[in-house]
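Here the structure comes first, spelled out in structure tokens, and everything after it is commentary.
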Amino acid sequence: MIFRHSFSDPWWNRAQHISQQGANSKQSEKPPSSPDPANAEAPITMVTVSVKWQKEVYPAVEIDTSQPPYVFKCQLYDLTGVPPERQKIMVKGGLLKDDADWSKVGVKEGQRLMMMGTADEIVKAPEKGPIFVEDMPEEEQVVNVGHSAGLFNLGNTCYMNSTVQCLHSVPELKSSLTEYNQLGKSNDLDHSSHLLTVATRDLFNDLDKNVKPVAPMQFWMVLRKKYPQFGQQSNGAFMQQDAEECWTQLLYTLSQSLKSPNSSEGQDIVKTLFGIDFDNRIHCAESGEESTETETVYSLKCHISQEVNHLHEGLKRGLKSELEKASPSLGRSAVYVKDSRINGLPRYLTIQFVRFFWKRESNQKAKILRKVDYPLSLDVYDLCSDNLRKKLEGPRQVLRDAEGKKAGLKTSAKTPVSTDSDTKMTEAEESSSGSGEASKSTSQEGVLPEKEHQLTGIYDLVAVLTHKGRSADSGHYVAWVKQENGKWVQFDDDNPIPQREEDITKLSGGGDWHMAYICMYKARVVPM
């Protein structure tokens with residue numbers, strides 16, 4: 001007879017657990033004094049019965065009455081293939097329970113028991129032998145696993161690892177880095193920036209080619225050389241750093257190095273991918289002064305207060321701020337109000353939750369733990385300037401028609417490109433899916449051609465960088481990244497863990513667990 005259970009079998013483990021509980025219970029109920037062993041009769045613990053199941057009869061099945069009935073059910077599972085939870089065994093007084101007392105059940109020697117239940121299906125042997133992942137070439141392993149490699153923590157470097165994993169998910173950035181070389185280096189680019197760009201390129205390549213964790217030693221050494229603050233030590237150990245600062249400094253370096261020697265503003269890959277243009281109106285109610293200015297930033301700030309419960313609210317509040325500066329007409333300092341509107345959108349929208357602030361009482365950075373919800377899809381249309389809204393109206397209508405067509409609805413007659421072929425409409429459906437297909441139509445420089453694809457102001461979440469802990473200078477950073485196959489993976493340093501999409505938006509804060517610190521959204525684009 002081949003027994004199905006083993007020491008790792010959950011049914012056997014449960015039987016052992018019930019048995020131990022019974023033993024503990026009997027031990028606790030033991031009377032203070034025991035009878036004379038010479039006069040005591042040895043209890044009979046083994047009873048032989050027969051069991052009828054369907055058309056089969058199993059004679060001579062032994063029951064160890066010192067063990068709970070669940071062990072007996074495991075025996076029957078070995079014989080019949082019926083799992084214990086499906087077994088219905090008829091005894092005196094009803095059905096046999098897993099933890100029943102055999103002395104009260106009253107099973108007798110030679111008794112026939114009736115069992116009902118459905119057996120598990122017999123698993124057929126595979127036609128082909130198993131292929132082990134470790135026997136595959138390294139490149140095939142990456143494809144089969146469905147995600148890139150993790151990164152070893154070199155000593156409080158989780159802030160760096162999580163930043164790298166998020167930016168590594170941008171295919172256009174990887175494409176530009178692949179084409180970067182010494183000959184394409186700008187003459188005014190300093191050597192440390194060049195080395196950091198090369199180290200980033202090489203690290204991205206290592207992540208794509210490996211399944212086993214990668215040690216980012218070269219990248220870390222160059223990062224510390226370029227930005228010494230990341231090499232701070234305390235008691236001989238490297239200190240935890242702010243992931244947002246690492247993200248900002250790395251993008252700034254790449255924005256300088258990935259420009260072509262004769263680049264124009266339209267050829268700035270990092271600005272195209274991440275840059276956000278603002279139109280600012282600055283006015284003083286006291287003096288009546290008013291001025292306008294433009295600026296480019298690489299992330300939106302979600303300011304958190306008691307009134308902010310959702311990302312969109314925090315972004316909207318962040319568009320209006322007060323500043324104090326010298327007033328030429330008043331001859332003294334005055335309060336100015338700064339109203340901002342987005343006038344240019346990127347391919348990837350980066351959002352920082354402003355969770356850390358300087359606490360004077362303790363002379364350190366404190367963390368705001370308040371829960372702020374964020375969506376899988378974000379529409380920033382109402383944060384844009386009037387001029388940008390007009391540009392977005394056409395692409396948004398194309399996107400609505402594409403999604404309506406996909407749902408079986410009639411398209412709008414006002415659609416600017418409604419007379420185009422079905423090919424463009426199909427491309428629009430693919431772009432609106434948020435699956436990353438739009439990135440495959442990138443040009444050689446890694447930038448989506450402006451005339452072929454237009455932004456809609458709608459973005460889909462593709463990466464979340466979280467922080468766990470009470471301080472920016474401590475705790476733990478983790479990256480949660482959407483892969484090209486649409487699956488989410490949690491990159492906890494060298495340990496990639498698959499995650500469900502519905503769990504990603506639960507990283508919104510409200511406690512000491514992982515909470516979103518940086519979110520990265522990818523633009524939905526349509527062909528025009």
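The values are calculated or read from the model by the stated rules, or taken from the named source; none is laboratory data. Remember, predicted model here, so these are calculated numbers, not experimental data. Positions of Cβ are generated from backbone atoms using ideal geometry, with glycine treated the same way; all protein chains shown enter the neighbour counts. When the accessible area is computed, the model is the full protein with side chains, heavy atoms only, and any ligands, DNA or RNA have been set aside. Shrake-Rupley method; radii C 1.70, N 1.55, O 1.52, S 1.80 Å.
If a residue has to be closer than 30 Å to LEU507 by Cβ, in a loop (DSSP other than H, G, I, E, B) and aliphatic (A, V, I, L, M) to count, how many in the range 283-320 make the cut?
Here the count works out to 3.
What residue, of ASN280, ASN387, is on the phi < 0 side of the Ramachandran plot and part of a helix (DSSP H, G or I)? Working first, answer last.
Values: ASN280 fails: part of a helix (DSSP H, G or I).
Every option except ASN387 fails the conditions.
Of all residues in the range 44-69 being of a type in the set (Asp, Glu) and open to solvent by 80 Å² or more (accessible area, probe 1.4 Å), which is farthest from LEU96 (Cα to Cα)?
Residues of the range 44-69 that are of a type in the set (Asp, Glu), as a first pass: 56, 62, 64.
If we keep only those that are open to solvent by 80 Å² or more (accessible area, probe 1.4 Å) as well, we get 56, 62.
Numbers: GLU56: 20, GLU62: 16 Å.
If we take residues in the range 44-69 being of a type in the set (Asp, Glu) and open to solvent by 80 Å² or more (accessible area, probe 1.4 Å), then GLU56 is farthest from LEU96 (Cα to Cα).
Which of the residues spanning the range 453-489 are within 20 Å of TRP513 (Cα to Cα) and of a type in the set (Phe, Trp, Tyr)?
Restricting attention to the range 453-489, the residues satisfying the condition of being within 20 Å of TRP513 (Cα to Cα) are 463-481, 488-489.
Passing the criteria: TYR477, TRP480, TRP488.
I want to confirm something. Restricting to the range 338-370 and keeping residues that are of a type in the set (A, V, I, L, M), in contact with a Phe, Trp or Tyr (Cβ under 8 Å, 6 or more places away or on another chain) and open to solvent by less than 30 Å² (accessible area, probe 1.4 Å), which single residue is farthest from ARG470 (Cα to Cα)? Don't jump to the end; show me each part of the working.
First, pick out the residues of the range 338-370 that are of a type in the set (A, V, I, L, M): 342, 345, 349, 351, 354, 366, 368-369.
Okay, now just the ones that are also in contact with a Phe, Trp or Tyr (Cβ under 8 Å, 6 or more places away or on another chain), so 342, 349, 351, 366, 368.
Then keep just the ones that are open to solvent by less than 30 Å² (accessible area, probe 1.4 Å); that gives 342, 349, 351, 366.
On the way: ILE342: 32, LEU349: 26, ILE351: 20, ALA366: 7 Å.
Among those that are of a type in the set (A, V, I, L, M), in contact with a Phe, Trp or Tyr (Cβ under 8 Å, 6 or more places away or on another chain) and open to solvent by less than 30 Å² (accessible area, probe 1.4 Å), it is ILE342.
Are there any pairs, at least 6 apart or on different chains, whose C-beta atoms fall under 8 Å, with the first in the range 499-519 and closer than 15 Å to ALA479 by Cβ and the second open to solvent by less than 10 Å² (accessible area, probe 1.4 Å) and of a type in the set (Lys, Arg), and if so, which?
Once the first residue is closer than 15 Å to ALA479 by Cβ and sits in the range 499-519, its partners that are open to solvent by less than 10 Å² (accessible area, probe 1.4 Å) and of a type in the set (Lys, Arg) give MET515/ARG355; TYR517/ARG355.
Check whether at least one residue in the range 351-364 is out of contact with any helix residue (DSSP H, G or I) (no Cβ under 6 Å at 6 or more places or on another chain), in contact (Cβ under 8 Å) with a residue 12 or more places away in the chain, of a type in the set (Ser, Thr, Tyr) and on the phi < 0 side of the Ramachandran plot, and report yes or no.
Step one: filter the range 351-364 for residues out of contact with any helix residue (DSSP H, G or I) (no Cβ under 6 Å at 6 or more places or on another chain), giving 351, 353-364.
Filter once more, keeping what is in contact (Cβ under 8 Å) with a residue 12 or more places away in the chain: 351, 353-356, 364.
Pick out the ones that are also of a type in the set (Ser, Thr, Tyr) and you get none.
No, that holds for no residue.
Scanning the range 478-527 for residues that are assigned to a loop (DSSP other than H, G, I, E, B) and farther than 29 Å from ALA215 by Cα, which turns out most open to solvent (accessible area, probe 1.4 Å)?
Applying the first criterion (assigned to a loop (DSSP other than H, G, I, E, B)) to the range 478-527 yields 483-487, 493-494, 500, 505-514.
After this cut, where a residue has to be farther than 29 Å from ALA215 by Cα as well, the list is 505-506, 508-511.
Numbers: THR505: 40, LYS506: 127, SER508: 3, GLY509: 23, GLY510: 59, GLY511: 27 Å².
That would be LYS506.
Output the residue which, of all residues in the range 220-247 that are within 19 Å of LYS367 (Cβ to Cβ) and touching a strand residue (DSSP E or B) at 6+ places or on another chain (Cβ under 8 Å), is most open to solvent (accessible area, probe 1.4 Å).
This residue is MET239.
Given (1) of a type in the set (A, V, I, L, M); (2) outside any strand (DSSP E or B); (3) open to solvent by 60 Å² or more (accessible area, probe 1.4 Å), identify the lone condition not met by VAL335.
Going through (1) of a type in the set (A, V, I, L, M); (2) outside any strand (DSSP E or B); (3) open to solvent by 60 Å² or more (accessible area, probe 1.4 Å) one by one, VAL335 breaks only (2).
Surrounded by 18 or more Cβ atoms within 10 Å (Cβ to Cβ) and either out of contact with any strand residue (DSSP E or B) (no Cβ under 6 Å at 6 or more places or on another chain) or of a type outside the set (A, V, I, L, M, F, W, C) (or both): is that true of ARG400 in this structure?
Answer is yes for this residue.
For the range 270-292, what are the residues that are over 20 Å from LEU315 (Cβ atoms) and open to solvent by 10 Å² or more (accessible area, probe 1.4 Å)? Explain how you work it out, then say what you get.
Going residue by residue through the range 270-292, those that are over 20 Å from LEU315 (Cβ atoms) are 270-272, 283-292.
Residues satisfying the conditions are LYS271, THR272, HIS283, ALA285, GLU286, SER287, GLY288, GLU289, GLU290, SER291, THR292.
Return only the number of the condition from (1) open to solvent by less than 60 Å² (accessible area, probe 1.4 Å); (2) in contact with a Pro (Cβ under 9 Å, 6 or more places away or on another chain); (3) modelled with pLDDT of 95 or more that LEU250 does not satisfy.
Here LEU250 meets the rest and fails (2).
So which of ASP379, ASP401 is out of contact with any Leu (no Cβ under 8 Å at 6 or more places or on another chain) and at pLDDT 95 or above?
Working: ASP401 fails: at pLDDT 95 or above.
Residue meeting the stated conditions: ASP379.
If you check GLU286 against the conditions, is it under 18 Å from SER340 (Cβ atoms), more than 27 Å from the chain's Cα centre (by Cα) and of a type outside the set (Gly, Ala, Ser)? Spell out the reasoning first.
Numbers: under 18 Å from SER340 (Cβ atoms): no; more than 27 Å from the chain's Cα centre (by Cα): yes; of a type outside the set (Gly, Ala, Ser): yes.
Spelling it out, it is not the case that GLU286 is under 18 Å from SER340 (Cβ atoms), more than 27 Å from the chain's Cα centre (by Cα) and of a type outside the set (Gly, Ala, Ser).
Residues are listed down the side, and each one gets a yes or a no for (1) in contact with a Lys or Arg (Cβ under 9 Å, 6 or more places away or on another chain); (2) aliphatic (A, V, I, L, M):
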residue: GLU452; (1), (2): no, no
residue: VAL481; (1), (2): no, yes
residue: PHE491; (1), (2): no, no
residue: LYS506; (1), (2): no, no
residue: GLY510; (1), (2): yes, no
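Looking only at the range 70-99, count every residue that is open to solvent by less than 30 Å² (accessible area, probe 1.4 Å), in contact with a strand residue (DSSP E or B) (Cβ under 9 Å, 6 or more places away or on another chain) and not polar (S, T, N, Q) and tell me the total.
The total comes to 8.
Just to be sure, is THR248 within 24 Å of the chain's Cα centre (by Cα) and either part of a helix (DSSP H, G or I) or closer than 18 Å to GLY155 by Cα (or both)?
On the way: within 24 Å of the chain's Cα centre (by Cα): yes; either part of a helix (DSSP H, G or I) or closer than 18 Å to GLY155 by Cα (or both): yes.
Considered against the rule, which asks whether it is within 24 Å of the chain's Cα centre (by Cα) and either part of a helix (DSSP H, G or I) or closer than 18 Å to GLY155 by Cα (or both), THR248 comes out as yes.
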